1. Do we find a residue being within 13 Å of the chain's Cα centre (by Cα) and at pLDDT 95 or above anywhere in the stretch 82-89?
2. Can you find, within the stretch 133-145, the residue that is modelled with the highest pLDDT among those that are within 19 Å of residue 80 (Cα to Cα) and under 14 Å from the mean Cα position of the chain (by Cα)?
3. Name every residue in the stretch 113-127 that is touching a strand residue (DSSP E or B) at 6+ places or on another chain (Cβ under 6 Å) and modelled with pLDDT under 95, in order of residue number.
4. Only one of 105, 123 is surrounded by fewer than 19 Cβ atoms within 10 Å (Cβ to Cβ) and under 14 Å from the mean Cα position of the chain (by Cα). Can you tell me which?
5. Identify, from the list 71, 33, 84, the residue that is surrounded by 13 or more Cβ atoms within 10 Å (Cβ to Cβ) and not assigned by TED's automatic domain parsing to the domain that holds residue 147.
């Protein structure tokens, strides 16, 4: 194996088996494998390379689990997206890219100029989210994120301003998700 393949292999294992997020896994693999190497690996692994490796790993070692996890997480995402349909939700993250490990979160973006409406709707469903700020999924700025369990699954709901609707094509819409589940 060459250095890039070693980095990709370790990054993939950390994501699937240990639950690391992509960036932390990439950094850990780099620091572990390059600790004693004089030549640093200059080009970082891309998300596409990592996605491909993670999918391959899951399909090889966990094929049945992957299909079942994806279906379960899609159904849970669908139910949340239907609840929040007036906020034009899109599914993002690993599930939208056909990746589901035992550690995968549901990630949904909603569009509203105030998260208060979203919070009220969640409170009406006896969901009490924690609020925080995280990096916007498509830009470098921070956005409000609601963190909660939806049907016993860790969920992150990104509250994007309405003027970010142009990003809606970067996720999976409610109608597209219904089609994916039906097929």
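The values are calculated or read from the model by the stated rules, or taken from the named source; none is laboratory data. Being a predicted model, the structure only gives us computed values, none of them experimental. Please note: Cβ atoms are built from the backbone with ideal geometry, for glycine as well, and neighbour counts cover all protein chains shown.
1. Looking for residues that are within 13 Å of the chain's Cα centre (by Cα) and at pLDDT 95 or above, one finds none in the stretch 82-89, hence no.
2. Checked the stretch 133-145; the qualifying residue modelled with the highest pLDDT is 145.
3. 115
4. 105
5. Answer to the selection: 33.
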